[in-house]
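Chemist: Starting off with a structure, shown below.
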Amino acid sequence: MRQRHDPEHGQTIVLFALGLVAVIAMVGLLIDGGNAYAQQRGTQNGADAAAEAGASAIARSLLAAAAGTAPTSAQLDTSVLAAVNQAAGDNRIRPFDPGVAGNSRAYYTDAAGNMLTPGGGTTTNPSLAAPVGGGAVPSCTTNCISGRAVGVRALATRQFSPFVAGAVGFGQFTASADATAVTGYAPSTNCTAAEGCALLPITFATHPAICDSTGKAVYDPNEWGLPVGTAFTGSNESILTTCKNAPGAVGWLDFGCGTLASQILNPCNDKIDFPLWVQAQPGNPNNVENELNTYAGCTVGTYESEATTCGSPAKPHADQTVQIPFFDAICIAKDPPPPNVQPDFSGGFPGTCPGSSPGGGNNTYYHVTYFLGFVLDHAYIQGNNFPECNQAPGSPLSGGNGSNGCFKGWRSFITQPPGTIVVNPGPAGPGTPLRIQLIK
């Protein structure tokens with residue numbers, strides 16, 4: 001008697017096998033697709049870091065030029081190449097040394113991000129652009145500073161192996177990313193060559209604050225809004241409160257270049273990367289009100305773009321733009337927190353650092369999250385200026401017990417992280433900041 005075979009049984013095995021292959025393919029797609037996305041994101045981070053590193057090297061050369069020790073074109077090219085390659089190593093992308101197939105590439109740009117040719121013209125063709133590591137930084141007559149390039153375009157690559165696809169014969173994959181960063185003196189319609197732009201050694205909270213009856217800061221639940229436009233009037237003036245109980249709504253900082261008075265009148269000639277933790281400076285700040293008001297005009301509530309003679313002894317004054325760091329966390333610790341330590345906001349605002357303890361003085365650090373361009377109308381910090389700080393013009397009114405001070409003025413522009421502020425004697429005089437900014 002013949003044994004009959006069930007054809008449907010054979011079809012089930014085939015369908016099962018095909019379904020299993022489909023499931024494996026889907027799992028492989030998810031795994032390798034997720035890996036590819038992560039590799040692309042990492043490559044973009046590397047391109048961003050390399051472009052910013054190259055622009056930072058150019059910014060340092062501008063500082064050196066202001067001090068009379070400008071590097072040669074070849075020396076600057078060597079510095080920029082070293083900077084972008086350091087970023088490449090830190091972010092696991094291919095190095096930028098030219099002449100090696102598959103390497104990342106970097107090119108010099110003007111302030112608008114246009115690639116420059118060796119002769120100083122602009123081009124959209126990388127094969128015609130002046131490469132970083134080519135031996136010289138190209139000249140530039142438009143959208144540049146000191147006749148040289150001021151930006152770097154980084155075309156980054158990273159090679160990686162797939163997890164599942166590699167088992168079926170696929171080799172290495174390549175992720176690519178593009179970023180451009182430039183440097184330049186801080187642009188502002190109200191920060192002219194006659195006005196300066198000093199970085200002040202004082203920090204205020206990113207949330208508006210008033211002072212209670214004991215002088216302790218009470219924070220608004222919302223952060224400061226957007227900077228105001230160029231029509232500076234009494235109706236849109238801001239009050240930055242200096243509550244007396246520290247650490248509170250204000251901190252006096254130590255950038256490491258002298259006393260408070262000297263840091264106000266002669267801002268630190270240094271590079272400041274942020275976000276970062278900055279140490280507070282001990283001592284009584286009440287005696288630097290006159291130094292602060294060298295940046296303020298004569299009439300409170302009225303924006304004075306040109307100097308007016310006032311004061312005793314009488315001197316020319318105008319409402320000038322200053323740069324003020326703003327903080328979102330306070331750390332009281334023996335050692336400074338590393339720059340990459342993020343604040344803990346579980347206890348509310350302001351945040352703290354891990355291991356922070358009660359106290360203050362020499363062991364207080366502020367987490368600076370952005371810099372604000374502030375047109376200073378007047379500073380009241382001698383400890384007995386409550387009437388001026390608790391009345392118009394400006395808001396919020398300080399409140400408090402009569403012994404608190406404030407800054408009055410207008411929030412004109414914001415420099416947000418990640419980035420670099422360089423305060424130096426540039427073409428706008430002492431205290432002109434240089435900015436590093438990703439633009440593409």
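Chemist: Just rank Cys144, Cys331, fewest to most, by other beta-carbon atoms within 10 angstrom. Numbers along the way, then the final one.
Modeler: On the way: Cys144 23, Cys331 27.
By the 10 Å Cβ count, ascending: Cys144, Cys331.
Chemist: Once label points are set 7 Å from the Cα along Cα→Cβ at both Ala307 and Ser127, what is their separation, rounded to one decimal in nm?
Modeler: Calculated label separation equals 5.7 nm.
Chemist: May I ask for the net charge around Asn143, where only other residues with Cβ less than 15 Å from the Cβ of Asn143 are counted and Lys, Arg are +1 while Asp, Glu are -1? Before the final figure, lay out the partial values.
Modeler: On the way: positive: Arg148, Arg153, Arg435, Lys440; negative: Asp110.
That sum, taken over residues with Cβ under 15 Å, equals +3.
Chemist: Taking neighbour counts of Cβ atoms within 10 Å as a proxy for exposure, in what order, fewest first, do Glu306, Glu388 appear? It would help to have the intermediate numbers written out before the result.
Modeler: Values: Glu306 12, Glu388 16.
Arranged by neighbour count, lowest to highest, Glu306, Glu388 become Glu306, Glu388.
Chemist: Among Val341, Val80, what is the fewest-to-most ranking by other Cβ atoms within 10 Å?
Modeler: Details: Val341 16, Val80 26.
If I rank by nearby Cβ atoms, fewest first, I get Val341, Val80.
Chemist: Also: Report the local net charge at Gln159: Lys and Arg +1, Asp and Glu -1, summed over other residues whose C-beta lies under 11 Å from its C-beta. Can you show the working numbers first?
Modeler: Values: positive: Arg92, Arg94, Arg158; negative: none.
Spelling it out: positives minus negatives among the neighbours equals +3.
Chemist: Quick check: residue separation of Ala261 and Tyr37 times 0.36 nm, minus the Cα distance between them. What number comes out in nm? Working shown, then result.
Modeler: On the way: separation 224, 0.36 × 224 = 80.64 nm, distance 5.11 nm.
Taking Ala261 through Tyr37 to full extension adds about 75.5 nm, to one decimal.
Chemist: Can you work out the Karplus-derived ³J(HN,Hα) for every residue in region 316-323? Use 6.51 cos²θ - 1.76 cosθ + 1.60 with θ = phi - 60°, whole Hz, and x for glycine or proline.
Modeler: Calculated HN-Hα couplings, in order: x, 9, 8, 6, 9, 7, 10, 9 Hz.
Taken together, the values in this text are just the output of simple stated rules run on the coordinates, not laboratory data. Small disclaimer: the values here were computed from a predicted structure and weren't measured. All Cβ positions, even for glycine, are placed from backbone atoms using ideal geometry, and neighbour counts span all protein chains on display.
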